[in-house]
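Here's the structure we're looking at; comments come further down.
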Amino acid sequence: MKNLSGKILFLDRSDINTDEIIPAKYLTELSKEALKPYCLEDLNLPGFNPAKDVQGKGAIVTRANFGCGSSREHAPWVLEYNNINLVIAENFARIFRQNMFNCGMMCIELPPEQIDEIFRVFAGTDAFCSADPDKAVLTISNDRETREYPFHLGSFDKALVKAGGWINYADKKY
Amino acid sequence: MGKTTAQKIFDAHRVDVPEPGISVLSLDRVFCHEITTPIAINDLCARGMDRVFDPAKIKAVIDHVSPAKDSKTAEQGKVLRDWARRNHIQDFYDIGRNGVCHAIFPEKGFCRPGYTIIMGDSHTCTHSAFCCFAAGVGTTDLELGILKGVCAFHDPETIQIRVNGKLPDGVYAKDLILTIIQKLTVNGATGKVIEFCGSTIDSMSMEARMTLSNMAIEAGATSGICPADMTTVEYLWPFIKDEFKTKEDALREYSRWNADPDAEYASTLEIDASQLEPVATFGYKPDQVKPVRELAGTRVDQVYIGSCTNGRIEDLRIAAKILQGKKISPEIRAIVSPATPHIFKQALDEGIIDIFMDAGFCVTNPTCGACLGMSNGVLASGEVCASTTNRNFNGRMGKGGMVHLMSPATAAATALAGTITNSPLYHGERNA
């Protein structure tokens, strides 16, 4: 199973699309690893610096409809190769969400009030989070406090995370 | 209780239920292009599983960058080409015979009502114009589809979009779908299927229906299904004439996929087509839509007519009607990209290419290039493009560039004026 913990990258915007996560001009790469330097390169978010802000992070907290647009799995891959296997949002675009679980990575959906709370309490601090797929609990902490957020994880999605993705899961089954 | 089209297709293709509400479906078609497939191919090779579930059900094309623009894109083409040969995929469309995937695959008759279709491309929903469940997927879903011929989906809730009335002159399927996206918002249909119906859809050509279905994803929808009718049968007839005695037989067979009158929908959106006017996008999201008249006078640097949304013959004919005998503004440049070689030849035969060239358009070979800022019309920073494509994301057609999505008619009129303007084919309130 992939590491589902790390320092949080806060992206305070809805509708972040896959062109912003990994611009189309890099889709000519034939290896996933080659994508690594271009993570969130075109993200339209004041104050965000892709060269500095992605490094050392292990999770993203953002708003609604993350990963909309193109079907490119390069979006989860570029996160994965930057050690980010976990994205927490109000909701996700369907293809991006499926791509994450297909790679054995995880999307967590939380209600807007809880996302608000996480931004209010933890954004701007050195926040760390860890997701436990068995207990279906997300734990977020900084030097002041720790908060827990139970989330829903369907049995199929959980099986994909545990198997390390859809190919591993399906190859034995179909 | 009646069923929606999506429910009927799911019920006919379900091979497993890994969790209640999730279905693993058998696939009738797996479409492939050179951007999202090579990494799947390389992974299959690395796993020692370089095989395909059924070479006749897999179709492949080089379209996103065509011809190759550099060594990397040449490699991508080579991986796809070698794989297609190795695995005996007969329907592989190499440079010269290739077109934009969502235009060439329907043109070759690969879509049939009731089919399940996946492709590693978000605009795969285009094919649901043929009463298919067609969905864009990522590379891993594509990879497993190639290998096993199955894909997992959540059982879809369906939004019914009922469109009645006659579209006013100069108002097209593109204006309709942009208006629908504005109403639904960019994630208003996320995880859901759209099913279109109503007299407006019934009177649309397959080309117009493909424009409509193509942009279902821009509201987040998995698929945007049009019902099967005689228009569907007529389009497919050259490919199915040996399967059916008469067109009526084909219609009877295909109609069984249409939604039952008592099917249950998550919601229904009613639209009066007669009240629509030409629209265009103004921001960086496809739901930021305004009447063209409110954008009139907006300066553009480039006009682009093409793509899986609006690069078909009907689109080129409409644009040519507006451009005939006229010149584009000397302040701008304009590009037209017929979506397939067949469309290109039709446009040549009909004198449409002459009209474009005489007007001052650059005519390119069929490719997706400009739409996603890959090649054949990339914008410079600060530039603005009036485009018949489907995405206006920040930097989509080139870093720092801005895109206004619109119909081919509006794009052609804009090319002449050099600023966004309503087409002369629209007789409503003009350039207020």
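Since every read-out is calculated from the coordinates, none of them should be taken as a lab result. Computed from a predicted model, the values in this text were never measured in an experiment. Positions of Cβ are backbone-derived with ideal geometry, glycine not excepted, and every protein chain shown enters the neighbour counts.
For segment B:205-267, a simple Cβ point-charge model (Lys and Arg +1, Asp and Glu -1, everything else neutral) yields a dipole of about 140 debye relative to the Cα centre. When the helices of the protein assembly as shown are scored as -39500 (n - 2.57) per DSSP H run of n ≥ 4 and the total is divided over every residue, the value at 222 nm lands at -9000 deg cm²/dmol. Comparing mean-square fluctuations of B:246, B:124, B:140 from a GNM of chain B with C-alpha springs under 10 Å, the top value falls on B:246.
Of the residues B:240, B:124, B:44, the one whose Cα sits farthest toward the positive end of the charge dipole of chain B, with +1 on the Cβ of Lys and Arg and -1 on the Cβ of Asp and Glu, is B:44. For segment B:122-203, the relative contact order is 33 percent, taking Cα pairs closer than 8 Å that sit 6 or more residues apart in sequence and dividing their mean separation by the residue count.
Charges at C-beta only: +1 for Lys and Arg, -1 for Asp and Glu. How large is the resulting dipole of chain A about its Cα centre, in Debye rounded to 20? Don't skip to the end; give the middle numbers.
Values: 20 positive and 24 negative charges, 98 e Å.
About 480 debye.
The mean sequence distance of close C-alpha pairs (under 8 Å, at least 6 residues apart), as a share of the length of segment B:265-346, puts its relative contact order at 27 percent.
Shape summary of segment B:267-419, radius of gyration then Dmax from alpha carbon positions: 14.8, 48 Å. The lysines within cross-link reach of residue A:2, meaning a Cα-to-Cα straight distance under 24 Å and a gap of 8 or more places when in the same chain, are A:32, A:36, A:52, A:57, A:135, A:158, A:162, A:172, A:173. Checking the cross-link pairs B:148/B:345; A:25/B:78; B:108/B:245 against a 27 Å limit on the alpha carbon distance flags B:148/B:345 as lying beyond it.
In the P(r) worked out for segment B:115-249, what percent of Cα pairs fall beyond 18 Å? Each step should come with its number before you reach the end.
Values: 5024 of 9045 pairs.
For segment B:115-249, the share of Cα pairs beyond 18 Å comes to 56 percent.
Take B:154, B:88, B:127 and order them by how many other Cβ atoms sit within 10 Å, fewest up front.
Details: B:154 17, B:88 11, B:127 31.
Listed from fewest to most nearby Cβ atoms, that is B:88, B:154, B:127.
Under the shape rule built on the C-alpha gyration tensor, where the axes satisfy a ≥ b ≥ c, segment B:1-139 is prolate, since a/c reaches at least 1.5 and a/b is greater than b/c.
Here the protein assembly as shown is treated as a Stokes sphere of Kirkwood radius computed over C-alpha pairs; at 20 °C and 1.002 mPa s its diffusion coefficient rounds to 88 µm²/s.
Among the GluC sites (Glu not before Pro) in segment A:88-174, those located in a DSSP loop and surrounded by at most 11 other Cβ atoms within 10 Å of their own Cβ are A:145. If you take the square roots of the eigenvalues of the alpha-carbon gyration tensor of chain B and sort them as a ≥ b ≥ c, do you get rounded (a/c under 1.5), prolate (a/b over b/c) or oblate? Oblate is the answer for chain B, as a/c is 1.5 or above yet b/c matches or exceeds a/b.
Under 8 Å for C-alpha pairs, at least 6 residues apart: give me the relative contact order for chain A, rounded to a whole percent. Intermediate values should be presented prior to the final figure.
Values: 351 pairs, mean separation 42.1, N = 174.
Computed value for chain A: 24 percent relative contact order.
Here's the picture: charge each Lys and Arg Cβ at +1 and each Asp and Glu Cβ at -1 in chain B, and of B:193, B:376, B:306 the one pushed furthest to the positive end of that dipole is B:376.
What is the local net charge at residue B:266, summed over the other residues whose Cβ is closer than 9 Å to its Cβ (Lys, Arg +1; Asp, Glu -1)? Overall, the nearby charge balance is -1.
Only one residue of B:316, B:355, B:329 has its Cα farthest out toward the positive end of the dipole of segment B:285-358, where Lys and Arg carry +1 and Asp and Glu -1 on Cβ, and that residue is B:329. Extents of segment A:30-138, taken as max minus min of Cα coordinates on every principal axis and listed largest first, are 39, 31, 24 Å. Dipole check for the protein assembly as shown: with +1 at the C-beta of Lys and Arg, -1 at the C-beta of Asp and Glu, and the Cα centre as origin, the magnitude is about 900 Debye.
When a/c reaches 1.5 or more, the comparison of a/b and b/c decides; with that in mind, is segment B:92-178 rounded, prolate or oblate per its Cα gyration tensor?
Details: a/c = 2.40, a/b = 1.38, b/c = 1.74.
Oblate, since a/c reaches 1.5 and b/c is not below a/b.
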